[in-house]
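J.: Have a look at this one before I ask anything.
The values are calculated or read from the model by the stated rules, or taken from the named source; none is laboratory data. Small disclaimer: the values here were computed from a predicted structure and weren't measured. Every residue, glycine among them, receives a Cβ derived from its backbone with ideal geometry; neighbour counts consider all protein chains shown. Just so you know, the surface numbers come from the protein's heavy atoms only, side chains and all, with ligands and any DNA or RNA stripped out. Shrake-Rupley method; radii C 1.70, N 1.55, O 1.52, S 1.80 Å.
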Amino acid sequence: MNTAFTFSVGLVPSQQELVDLYTSVGWSAYTDHPEDLVPMCAGSLYLAVAREDATGRLAGLVRVVGDGVSISYIQDLLINPDFQKAGLGSRLLDMALAAVGGVRQVYITTETHPSNQHVIDLYRGRGFTPVEGYGCVTLAKFTFDEVKEVNATA
(Lines give C-alpha, C1' and ligand atoms only; values in the text may rest on other atoms or scores of the structure.)
Protein backbone atom coordinates (compact mmCIF):
# COMPACT_ATOMS: atom_id res chain seq x y z
CA MET A 1 0.00 0.00 0.00
CA ASN A 2 1.50 3.33 -1.09
CA THR A 3 -1.05 5.54 0.61
CA ALA A 4 0.31 8.60 2.39
CA PHE A 5 -1.07 9.67 5.76
CA THR A 6 -1.14 12.81 7.87
CA PHE A 7 -0.97 12.51 11.66
CA SER A 8 -2.38 15.05 14.09
CA VAL A 9 -2.58 15.30 17.85
CA GLY A 10 -5.51 16.65 19.84
CA LEU A 11 -7.84 17.30 16.90
CA VAL A 12 -11.10 15.48 17.61
CA PRO A 13 -12.79 13.98 14.54
CA SER A 14 -16.50 14.52 13.92
CA GLN A 15 -19.06 12.20 15.45
CA GLN A 16 -19.80 10.63 12.05
CA GLU A 17 -16.11 10.01 11.36
CA LEU A 18 -15.76 8.31 14.73
CA VAL A 19 -18.89 6.22 14.17
CA ASP A 20 -17.52 5.14 10.79
CA LEU A 21 -14.11 4.23 12.24
CA TYR A 22 -15.41 2.32 15.26
CA THR A 23 -18.00 0.56 13.06
CA SER A 24 -15.28 -0.49 10.63
CA VAL A 25 -13.63 -2.58 13.37
CA GLY A 26 -16.90 -3.81 14.90
CA TRP A 27 -16.65 -1.95 18.22
CA SER A 28 -20.39 -1.59 18.72
CA ALA A 29 -20.10 -0.84 22.44
CA TYR A 30 -18.92 2.58 21.29
CA THR A 31 -21.27 3.06 18.35
CA ASP A 32 -24.33 2.09 20.39
CA HIS A 33 -23.90 5.51 22.03
CA PRO A 34 -22.60 7.78 19.24
CA GLU A 35 -23.27 10.90 21.28
CA ASP A 36 -20.47 9.83 23.63
CA LEU A 37 -17.76 9.55 20.97
CA VAL A 38 -16.74 13.20 20.63
CA PRO A 39 -16.78 13.93 24.40
CA MET A 40 -14.74 10.80 25.18
CA CYS A 41 -12.12 11.77 22.61
CA ALA A 42 -12.08 15.40 23.75
CA GLY A 43 -11.64 14.27 27.37
CA SER A 44 -8.71 11.99 26.62
CA LEU A 45 -5.29 12.64 28.06
CA TYR A 46 -3.86 12.10 24.57
CA LEU A 47 -5.47 11.65 21.17
CA ALA A 48 -3.72 11.17 17.84
CA VAL A 49 -5.36 10.44 14.51
CA ALA A 50 -4.19 9.34 11.09
CA ARG A 51 -5.90 10.57 7.93
CA GLU A 52 -5.41 9.45 4.36
CA ASP A 53 -3.75 12.34 2.54
CA ALA A 54 -5.64 11.90 -0.72
CA THR A 55 -9.15 11.99 0.79
CA GLY A 56 -8.79 13.25 4.36
CA ARG A 57 -10.57 10.07 5.47
CA LEU A 58 -10.01 9.05 9.10
CA ALA A 59 -7.83 5.94 8.92
CA GLY A 60 -7.08 5.31 12.60
CA LEU A 61 -6.65 6.71 16.07
CA VAL A 62 -5.04 6.14 19.43
CA ARG A 63 -6.62 7.41 22.62
CA VAL A 64 -5.02 7.47 26.06
CA VAL A 65 -6.69 8.15 29.40
CA GLY A 66 -5.10 8.63 32.82
CA ASP A 67 -3.47 11.30 34.93
CA GLY A 68 -0.27 11.54 32.91
CA VAL A 69 1.86 11.30 36.05
CA SER A 70 1.44 7.89 37.63
CA ILE A 71 -0.74 6.05 35.12
CA SER A 72 -1.61 6.04 31.45
CA TYR A 73 -4.08 3.64 29.90
CA ILE A 74 -4.11 3.17 26.14
CA GLN A 75 -7.85 2.92 25.85
CA ASP A 76 -8.24 2.67 22.09
CA LEU A 77 -5.94 1.90 19.20
CA LEU A 78 -7.87 1.15 16.04
CA ILE A 79 -7.20 1.21 12.33
CA ASN A 80 -9.88 0.97 9.68
CA PRO A 81 -9.40 -2.42 7.95
CA ASP A 82 -9.00 -0.59 4.61
CA PHE A 83 -5.73 0.83 5.97
CA GLN A 84 -4.39 -2.01 8.09
CA LYS A 85 -0.94 -3.44 7.33
CA ALA A 86 0.35 0.05 6.46
CA GLY A 87 2.17 0.60 9.76
CA LEU A 88 -0.44 2.99 11.16
CA GLY A 89 -1.01 1.04 14.39
CA SER A 90 2.71 0.98 15.12
CA ARG A 91 3.11 4.67 14.33
CA LEU A 92 0.13 5.76 16.45
CA LEU A 93 1.21 3.53 19.35
CA ASP A 94 4.75 4.93 19.21
CA MET A 95 3.38 8.48 19.20
CA ALA A 96 1.25 7.77 22.27
CA LEU A 97 4.10 6.10 24.13
CA ALA A 98 6.42 9.01 23.35
CA ALA A 99 3.82 11.44 24.70
CA VAL A 100 2.54 9.67 27.82
CA GLY A 101 4.54 6.47 28.22
CA GLY A 102 7.04 7.80 30.73
CA VAL A 103 4.76 7.37 33.72
CA ARG A 104 5.08 4.67 36.35
CA GLN A 105 2.36 2.43 34.89
CA VAL A 106 1.14 2.11 31.31
CA TYR A 107 -1.63 -0.34 30.54
CA ILE A 108 -3.35 -1.67 27.47
CA THR A 109 -5.96 -4.41 27.18
CA THR A 110 -6.79 -6.48 24.13
CA GLU A 111 -8.66 -9.64 23.28
CA THR A 112 -6.85 -12.97 23.46
CA HIS A 113 -8.60 -14.42 20.40
CA PRO A 114 -6.09 -16.08 18.03
CA SER A 115 -7.06 -13.67 15.24
CA ASN A 116 -5.73 -10.87 17.44
CA GLN A 117 -2.22 -12.29 17.83
CA HIS A 118 -0.70 -9.63 15.57
CA VAL A 119 -1.99 -6.96 17.98
CA ILE A 120 -0.59 -8.81 21.00
CA ASP A 121 2.73 -9.12 19.16
CA LEU A 122 2.71 -5.37 18.45
CA TYR A 123 2.23 -4.57 22.15
CA ARG A 124 4.81 -7.10 23.29
CA GLY A 125 7.25 -5.61 20.80
CA ARG A 126 6.84 -2.29 22.62
CA GLY A 127 7.64 -3.83 26.00
CA PHE A 128 4.16 -4.71 27.26
CA THR A 129 3.79 -7.97 29.16
CA PRO A 130 0.83 -9.66 30.87
CA VAL A 131 0.39 -8.25 34.38
CA GLU A 132 0.93 -11.70 35.86
CA GLY A 133 4.59 -11.23 34.93
CA TYR A 134 4.73 -8.47 37.55
CA GLY A 135 3.06 -10.54 40.26
CA CYS A 136 -0.19 -8.61 39.75
CA VAL A 137 -3.74 -9.28 38.71
CA THR A 138 -5.90 -6.82 36.81
CA LEU A 139 -9.59 -6.93 37.56
CA ALA A 140 -12.32 -5.29 35.54
CA LYS A 141 -15.95 -4.42 36.00
CA PHE A 142 -17.95 -3.98 32.80
CA THR A 143 -21.45 -2.63 32.73
CA PHE A 144 -22.49 -3.26 29.15
CA ASP A 145 -24.61 -6.24 28.13
CA GLU A 146 -22.22 -7.83 25.62
CA VAL A 147 -19.64 -8.66 28.28
CA LYS A 148 -22.31 -9.93 30.66
CA GLU A 149 -23.52 -12.27 27.92
CA VAL A 150 -19.98 -13.54 27.23
CA ASN A 151 -19.33 -14.13 30.93
CA ALA A 152 -22.62 -15.97 31.33
CA THR A 153 -21.66 -18.46 28.60
CA ALA A 154 -18.09 -18.96 29.77
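J.: Which of the chymotrypsin sites (Phe, Trp or Tyr not before Pro) across the stretch 1-74 are loop residues per DSSP, with 14 or fewer other Cβ within 10 Å?
T.: Trp27
J.: Okay, next question. More than 17 angstrom separation, counting every C-alpha pair in the stretch 41-145; what % is that?
T.: 57 percent
J.: Rounded to whole Å and sorted largest first, list the principal axis extents of the Cα atoms in the stretch 1-61.
T.: That works out to 34, 24, 14 Å along the principal axes.
J.: I'd like to know how the stretch 30-96 sits against the 2.2 N^0.38 Å rule of thumb: what's its Cα Rg over that expected value?
T.: Details: Rg = 12.6 Å, N = 67, 2.2 N^0.38 = 10.9 Å.
The stretch 30-96 yields a ratio of 1.16.
J.: Which FRET efficiency value, to the nearest 0.05, do you get for Trp27 and Lys85 by plugging their Cβ-Cβ distance into 1/(1 + (r/R0)^6) with R0 = 25 Å?
T.: My answer for the efficiency is 0.85.
J.: While we're looking at this one, here's another question. Order the peptides 85-95, 120-130 from the highest to the lowest mean number of other Cβ atoms within 10 Å of their residues. Before the final figure, lay out each step's value.
T.: Working: 85-95: 18.1, 120-130: 13.1.
The densest-packed peptide leads the list: 85-95, 120-130.
J.: How much area per residue is accessible in the chain when the probe is 1.4 Å and only protein heavy atoms are counted (Å²)?
T.: Per-residue accessible area for the chain comes out at 60 Å².
J.: Could you check what % of the DSSP bridge pairs in the stretch 29-109 are antiparallel, to the nearest 5?
T.: Around 75 percent of the beta bridges assigned by DSSP in the stretch 29-109 are antiparallel ones.
J.: Round to a whole number: what % of the accessible area of the stretch 17-138 belongs to carbon and sulfur, probe 1.4 Å?
T.: 53 percent
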